[in-house]
Amino acid sequence: MFSKTHRRENTYNFGKFFHFNNIRERRAMKYVPNKLAAAVALMSGICAAPIVSAQTQLEEVIVTATKTETSIQDTPIAVSAFSQDQLDSALINDTMNLQFNVPNMLMTKGNFTGSDIRIRGIGAGAIGSAGDSGVGVHVNGVYLNSSRIFETQFYDTERVEVLRGPQGTLYGRNTTGGVVNILTAKPNSDELSGNIEAQVGNYNSTQFKGHINVPLTDSLSFRAAGFWLDRDGFVENEYTGNDIDDREMYSGRLSLRWQGENTDINLMANFFDEDDTRARSQKQACNKDPDAVLGCLPGKLGYGSANSGAGIAAELGRTNGSILAGSNQVMAAIGAATGNAYGNTALGANVANSFFPADDFAQDFNPDDPRKVYMDFDPKYRSDETIISLDIMHDFGSFTFTSLTGIAQSTVDSQEDYEKSVPSEGWDEVLQAYADLGNTPALPYELFADSVPASLAPFITDVATGVPGVGLWAGNPNVQRFAQGIPVLLPDGETVNVFNNFGVDQSENDTEQVSQEFRISTNFDGDWNFLVGAFYLDYETETHYVVRSSGLVHPGLILPINPALYPAPFGEPGDPQSETNPYMLGYDNDTRKYELETWAIFGETYWNVTDRLTATLGLRYSDEEKNGKQRTLYVTFLDNALGEDNGFFYPQYDSQETTGRFNLTYDVSDDIMVYGTVATSYKSGGFNPISNTSSLVDPAQGGNPDLANFEPEFIDSLELGIKTTLLDGSMQLNATAFYYDYSDLQVSKIVQVTSINENTDATIMGFEGELLWAPTANLRLSANIALLDSEIEDFATIDTANPNGDDTTDGIISCFGNNYLAPNGETCAVSSTLATGVEISQDGNSIGGSPDASVNLGIAYTINVSSGLDLTLASNYYWQDEYYARNFNADRDIVDSWEVWNASARLESTDGSWYADAWIKNILDEDYVTGQYLTSAVSNLFTNQFILDPQTYGVTLGYNW
């Protein structure tokens, strides 16, 4: 069709449309949940009631999905659109609630201060700065490479459009999954107008919204809008006694518009700010491993605490045998020199550890209630975003020229308790022992006779010069501070001294971008027209994902420090956040700079073959270049796969592709349209956040050089759709069927505290049905159904959460290591490189984040209370099938099916000047898990879960003028 690399033969098999691979070998629609059946019965009863009023024509919805204003029923694209009134009536106050009303859309929170938007199973498959989302987010048409969209609220919105399916020949940045476009309300010169709205609810929620529109002249107008939200937290921290995951945020928007006879200029500036205790994940889950091999067992998740004996200290021992051996010899020598029996203080979790507790969380304090946690401290979340757009459109008669300029900047700083638990074992005696070591002289050379292992050289007094080593001793006064505890920097900037295993999880991100788009669209009188455009984006970000843990004091002081990177070998204990502090830094995925520079030319040509048949051909050429400056610091002085240079490396990646689409649209009648589209789309590849000297990619160390980068992904798609307007305009019934042939799907996993993105092939197919019906002038009914079947093809990789691949063996734990029980006969010498597991086939598995089915039902009924007063009762129900969070499709990956039921009542004046709402969301007050994220073996393989908001209710008062 269109040229690309790694193309596979297309195999469109629509006979599989109603064959869905569901979890636990059941089919998506084998049963209907009881509450869904009740909702259907309720609707059936309403529909069966006598209809005394004439049917009413539905209001026409205008969208700009094709970059021109068209009726949604005349647009040959699967698109959902919502005005501000529709958003309010459906209780869609933010983007997270869009999924309840858009077929085959899934949105959940992300683990690293972001969100994961998926359309038809396609989202952000790659983890890392060089990974792109498959769903494009736009504000007023401006593409945002990084957005805080999931955090803010909808206010003063003209329309929200969600396009399902690959986009690229009409939009600035190509996408494989779809597009979410938020169009803010524009100023107008008609009249002075405005709105003010106040809302109160449970959890002490208070919110204000409003806007004002001011005509300045007949051509110039101004608009200002904003919102402010404050509420208490949804989660109780039983340790601190505080409610967390609260909200304190505000946003403002200024818009200026000039409308000439043929020219329309719109300037918009939007800013957002948040400062609260938002939790990136509400709960941590684990099926505790009593043997400290994995930390959390591979089976079904529970609310236990991870076994800390399988964590980062064990990973150090597993990865480098000389470190383990050196640690044992050093501590044994210290014991002999000081008279303290420290014994064999091996870092491997499989060896009895007499220096620290075998498991800091031996007593499990993790509450079973999903709304409760037991954490050392409360999280802190700070975020801000500024978006500026300038849209200039001029009509030359036979064609229209459009210029769209965008500038965006955002920052986020989030800090949480890493383990989300409080240790049951203290370190008071251990820390006092460390303090005593501060007075211990450097180890004498004679202790090691004539043999000085290289791993011990930094700790030993030079026999010739008498210069002491740089380990725990040699007059190092800092270790004496340990008698007062280990200094830890809390999210509020306060430094406290702790006497137990205490971890801080910190995610920081600072982004800025500039984009420019030009378009020319013709309006010729003949049968031919076209649109052509050009797009440019320059995007930069700096990202840090840092874990600091007091549990790293032991390896941080025992192991040698790289003096080239850390010139102060003893660190700065007074500043626990300092890079030169060896006591607290666990690891830092440090992307000091990532830059994406991309440009494209795109366009479509339209041919009216007949009065009823239209053919569209679209093409796009994309050029992308990615550059980085990054490093992964590991236990302060060690990087990537331990023992490597800590300097920055500078990866580069570039790609160029030509993609396109062909569409045929046929108007069967004035009320029925059918269309078919074949397209090829692409998402750029990139580089993994590891250096080319890492043991993961360096062939000399047994690595795979192909893992340095991940390839672009491609989709060959076929989509068939029908849009109908029936019953004299009172009903709209639309349906879409699609098939995707996926080449080089980007998939990710966490290995050695960094992400490894790989590629595989897959197929996706599905069906979407949408119904909107007004049986009477007062009654509105809506229903959506989505079916999805995804299947990975011929791919195998190691599951870090289940490295044995479910095989039971009698082998031994190899090379000091945890995490992998070698099969019988497979052992290795101390100096060998350990295989990290056995590969597990994913052939036939579902793509993570792809529920097989979802259903939405809605009803609204308006009663004329009096001559000037209307009452509207509305309810909306959503059900989503269970799905797998990861491509491995293991039991621990299952996100159970869940549902949400909302309702509202609005009393308003018939002239629309005032209104009062009473509303309730999550009527059933369920605590469903909507998504989850598995951490690495270094972090004991616990799972962070994202929980549905609890039942909320309140009242809203609004006034329009």
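The values are calculated or read from the model by the stated rules, or taken from the named source; none is laboratory data. Since the structure is predicted, the reported quantities are computational estimates derived from the model, not experimental observations. With ideal geometry, Cβ positions are generated from the backbone for all residues, glycine too; neighbour counts draw on all protein chains shown.
Structure notes:
- Restricting attention to segment 926-961, the residues being over 25 Å from the mean Cα position of the chain (by Cα), closer than 19 Å to residue 232 by Cα and surrounded by fewer than 18 Cβ atoms within 10 Å (Cβ to Cβ) number 2.
- Among the residues of segment 50-63, those that are surrounded by fewer than 17 Cβ atoms within 10 Å (Cβ to Cβ) and either of a type in the set (Gly, Ala, Ser) or modelled with pLDDT of 75 or more (or both) comprise 53, 54, 57, 59, 60, 62.
- Matching entry among 892, 886, 906 (being in contact with a Gly (Cβ under 6 Å, 6 or more places away or on another chain), crowded, with 17+ Cβ neighbours inside 10 Å, touching a residue at least 24 places away in the same chain (Cβ under 8 Å) and charged (D, E, K, R)): 886
- Flag if residue 158 is more than 26 Å from the chain's Cα centre (by Cα), closer than 26 Å to residue 104 by Cα and either assigned by TED's automatic domain parsing to the domain that holds residue 681 or surrounded by fewer than 16 Cβ atoms within 10 Å (Cβ to Cβ) (or both): yes
- Considering residues of segment 267-321 that are of a type in the set (D, E, K, R) and at pLDDT 90 or above only, the residue nearest to residue 948 (Cα to Cα): 283
- For the residues 220, 267, the requirement of being free of Cβ contacts under 8 Å to residues at least 60 places away in the same chain and among the aliphatic types (A, V, I, L, M) singles out 220.
- Members of segment 146-187 found to be among the aromatic types (Phe, Trp, Tyr) and over 20 Å from residue 255 (Cβ atoms), listed by number: 150, 171
- Residues of segment 242-266 satisfying the condition of being of a type in the set (Gly, Ala, Ser) and at pLDDT 95 or above: 251, 252, 255
- Test set (1) surrounded by fewer than 16 Cβ atoms within 10 Å (Cβ to Cβ); (2) at positive phi; (3) modelled with pLDDT under 85 - residue 837 fails condition number: (1)
- Tally of residues being over 13 Å from residue 942 (Cα atoms) and in a strand (DSSP E or B) across segment 256-307: 18
- Residue that is nearest to the chain's Cα centre (by Cα), among those in segment 236-250 that are touching a residue at least 12 places away in the same chain (Cβ under 8 Å) and assigned to a loop (DSSP other than H, G, I, E, B): 245
- Matching residues in segment 170-193 - criterion: being at pLDDT below 95 and of a type in the set (Val, Ile, Thr): 175, 176, 179, 180, 182
- Look at segment 386-411: where a residue is in contact (Cβ under 8 Å) with a residue 60 or more places away in the chain and a partner is among the acidic types (Asp, Glu), sitting 6+ places away or on another chain with Cβ atoms under 6 Å, you get 393/264; 404/391; 404/517; 409/512; 410/385; 411/384; 411/510.
- Among the conditions (1) touching a Leu at 6+ places or on another chain (Cβ under 8 Å); (2) on the phi < 0 side of the Ramachandran plot; (3) not in a strand (DSSP E or B), the only one that residue 792 does not satisfy is (3).
- For the condition assigned to a loop (DSSP other than H, G, I, E, B), in contact (Cβ under 8 Å) with a residue 24 or more places away in the chain and not assigned by TED's automatic domain parsing to the domain that holds residue 369, residue 253 does not qualify.
- Residue match in segment 660-669 (condition: within 27 Å of residue 146 (Cα to Cα), buried (at least 18 other Cβ atoms within 10 Å of the Cβ) and either in the same structural domain as residue 535 (by TED's automatic domain parsing) or modelled with pLDDT of 95 or more (or both)): yes
- Lone qualifier among 675, 606, 594 - being outside the structural domain of residue 132 (by TED's automatic domain parsing) and modelled with pLDDT under 95: 594
- Residues that are buried (at least 17 other Cβ atoms within 10 Å of the Cβ) and not aliphatic (A, V, I, L, M), drawn from segment 670-684: 675, 677, 680, 681, 682, 683, 684
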